[in-house]
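Visitor: What follows is a single structure, and I will ask about it in a moment.
Where a number appears in this text, it was derived from the coordinates with a stated rule and is not lab data. Computed from a prediction, not measured in an experiment: that's the story for all the values here. All Cβ positions, glycine included, derive from the backbone under ideal geometry; neighbour counts span all protein chains shown.
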Amino acid sequence: MEQKKRPLKTLERVISKAGLGSRTDARGWIHEGRVQVNGKIIENPDHWVDMERDKIRFDGKPLERQDRLYILLYKPTGYITTYKDPDGRPTVYDLIKDIDSFIVPVGRLDLDTSGLLLMTNDTQFAERIMNPDFHVPKTYLVKASELLTDDQLDKLRKGVELSDGPTRPAKVTKLRDSGKHTHFEITLTEGRNRQVRRMVEAIGARVMKLVRVRIGDISIGTLPIGTWRLLTRPELTRLRQ
Ligand code: URA
């Protein structure tokens, strides 16, 4: 009984949560013998540690919990939202080389989508923002492949049928028609894979350009493309609500 109440975690989880690297990195380091528990090298990533009693060292130094870090990155197109790409393409991590802690993207933007991406080492916060039950609104600017009728835009507002079910009602504002293209803004409260592109395809057009400009009420503002900034405390508080 006593055993169950203790805060036990796997060594792999403890190392990755300390903000040093991904869980894969952590497993590698443990296998390499760089991690000690109570003075003894432990090479098993699934070794249980007691957070209150055990003394963990990485490369001989006591493990310290990293401060929480929340950033907003203006992702350009051509960067994938993953840690490592087997095909060697640029990833969002190439844009944050000046950040020491290991942070993870809050959701994903497609390779060909640009715009606002939150990244953090606070996994609980990330899970909350991504959880569809919390309905955090995300706003995108869209350039369609053709001129769209009011009827087509209305369908996006009311919800369209996708292979993974109908979409929730969305806020859609037409910005302008220019030449052969309609530009509009759409706000979704769910975040399914390639959702905007699939919704536009469902009304018989294609997305030519897609930029995420807001999450909740946090805007990309004047942040230069390819750069990042820290979230301010008021922004964080508003997102948490
Ligand atoms: N919807 C898409 O289709 N792609 C994105 O990257 C984000 C939302």
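Visitor: Sort 201-211, 111-121 by packing, meaning the average of other beta carbons within 10 Å per residue, with the highest value first. Walk me through the numbers on the way to the answer.
Guide: Numbers: 201-211: 16.5, 111-121: 20.9.
Descending mean neighbour count gives 111-121, 201-211.
Visitor: Still on this structure: Applying the Karplus parametrisation 6.51 cos²θ - 1.76 cosθ + 1.60 with θ = phi - 60° to the phi angles of region 150-159, what ³J(HN,Hα) value in whole Hz is obtained for each residue in order, glycine and proline being reported as x?
Guide: Listing the rounded values in order: 4, 4, 5, 5, 4, 4, 4, 5, 6, x Hz.
Visitor: In Å³ and rounded to a whole number, note down the convex hull volume per residue for the Cα atoms of region 24-96. Write down the numbers at each step before the final one.
Guide: Numbers: hull volume 9.3 nm³, N = 73.
Cα-based convex hull of region 24-96, divided per residue, equals 127 Å³.
Visitor: Let me ask something else. Kindly flag which residue pairs out of Lys97/Lys143; Lys155/Lys209; Lys138/Lys174 have an alpha-carbon separation exceeding 25 Å in this structure. Please report the intermediate quantities before stating the final value.
Guide: Values: Lys97/Lys143 31 Å; Lys155/Lys209 20 Å; Lys138/Lys174 16 Å.
Table pairs above 25 Å Cα-Cα are Lys97/Lys143.
Visitor: Give me the tail of P(r) for region 137-215 as a percent: Cα-Cα pairs with distance above 21 Å. Walk me through the numbers before you get to the answer.
Guide: On the way: 467 of 3081 pairs.
Here the tail beyond 21 Å accounts for 15 percent of pairs.
Visitor: Between Asp87 and Arg53, how high is the FRET efficiency from 1/(1 + (r/R0)^6) when r is the Cβ-Cβ distance and R₀ = 35 Å? Nearest 0.05.
Guide: So, using R0 = 35 Å, E works out to roughly 0.20.
Visitor: Still on this structure, I have one more. Once amide H atoms are built 1.01 Å from N in the peptide plane, which residues 5 or more positions from Lys171, or in another chain, come under 5 Å H to H?
Guide: For Lys171, the qualifying residues are Thr187.
Visitor: Any idea what log10 I(q)/I(0) is at q = 0.14, 0.15 Å⁻¹ for the chain, Debye with uniform C-alpha scatterers and no solvent?
Guide: For the chain at q = 0.14, 0.15 Å⁻¹, log10 I(q)/I(0) is -0.96, -1.05.
Visitor: How are the C-alpha pair distances of region 106-241 spread across 5 Å bins, as whole percents from the shortest bin up?
Guide: 2, 9, 20, 23, 20, 13, 8, 4, 1, 0
Visitor: To the nearest 0.05, what FRET efficiency results for Ser145 and Gln66 with a Förster distance of 51 Å applied to their C-beta separation?
Guide: Working: r = 44 Å, r/R0 = 0.87.
Rounded to the nearest 0.05, the efficiency is 0.70.
Visitor: While we're on this one: Once phi is turned into ³J(HN,Hα) by the Karplus curve 6.51 cos²θ - 1.76 cosθ + 1.60 with θ = phi - 60°, what whole-Hz value does each residue of region 179-186 show in order, with x for glycine and proline?
Guide: So the J values, rounded to whole Hz, are x, 9, 10, 9, 9, 9, 10, 10.
Visitor: Here is a follow-up. Rounded, prolate or oblate: pick one for region 48-134, where a ≥ b ≥ c are the square roots of the eigenvalues of its C-alpha gyration tensor, a/c under 1.5 means rounded, and failing that, prolate if a/b is larger than b/c, else oblate. Write out the running numbers ahead of the final one.
Guide: On the way: a/c = 2.48, a/b = 1.65, b/c = 1.50.
Prolate.
Visitor: A further question follows. Which value in deg cm²/dmol, rounded to the nearest 500, describes the helix-derived mean residue ellipticity at 222 nm for the chain, given -39,500 (n - 2.57) per DSSP H run of n ≥ 4 and division by the residue count? Intermediate values should be presented prior to the final figure.
Guide: Working: 7 runs with 53 residues, N = 241.
It lands at -5500 deg cm²/dmol.
Visitor: Of the peptides 17-23, 171-177, how do they stack up when ordered by the mean number of other Cβ atoms within 10 Å, highest first?
Guide: Values: 17-23: 16.7, 171-177: 12.9.
Descending packing order for the listed peptides: 17-23, 171-177.
Visitor: Per-residue HN-Hα couplings for region 114-126, Karplus 6.51 cos²θ - 1.76 cosθ + 1.60 at θ = phi - 60°, whole Hz, x for Gly and Pro?
Guide: 10, x, 6, 10, 8, 9, 7, 9, 9, 5, 5, 4, 4
Visitor: Farthest toward the dipole's positive end in the chain, which of Thr120, Ile218, Leu95, given Cβ charges of +1 (Lys, Arg) and -1 (Asp, Glu) about the Cα centre?
Guide: Ile218
Visitor: Give me the Debye-computed log₁₀ of I(q)/I(0) at q = 0.28, 0.31 Å⁻¹ for region 10-63, equal point scatterers on Cα only, no solvent, two decimals.
Guide: Log10 I(q)/I(0), no solvent term: -1.20, -1.49.
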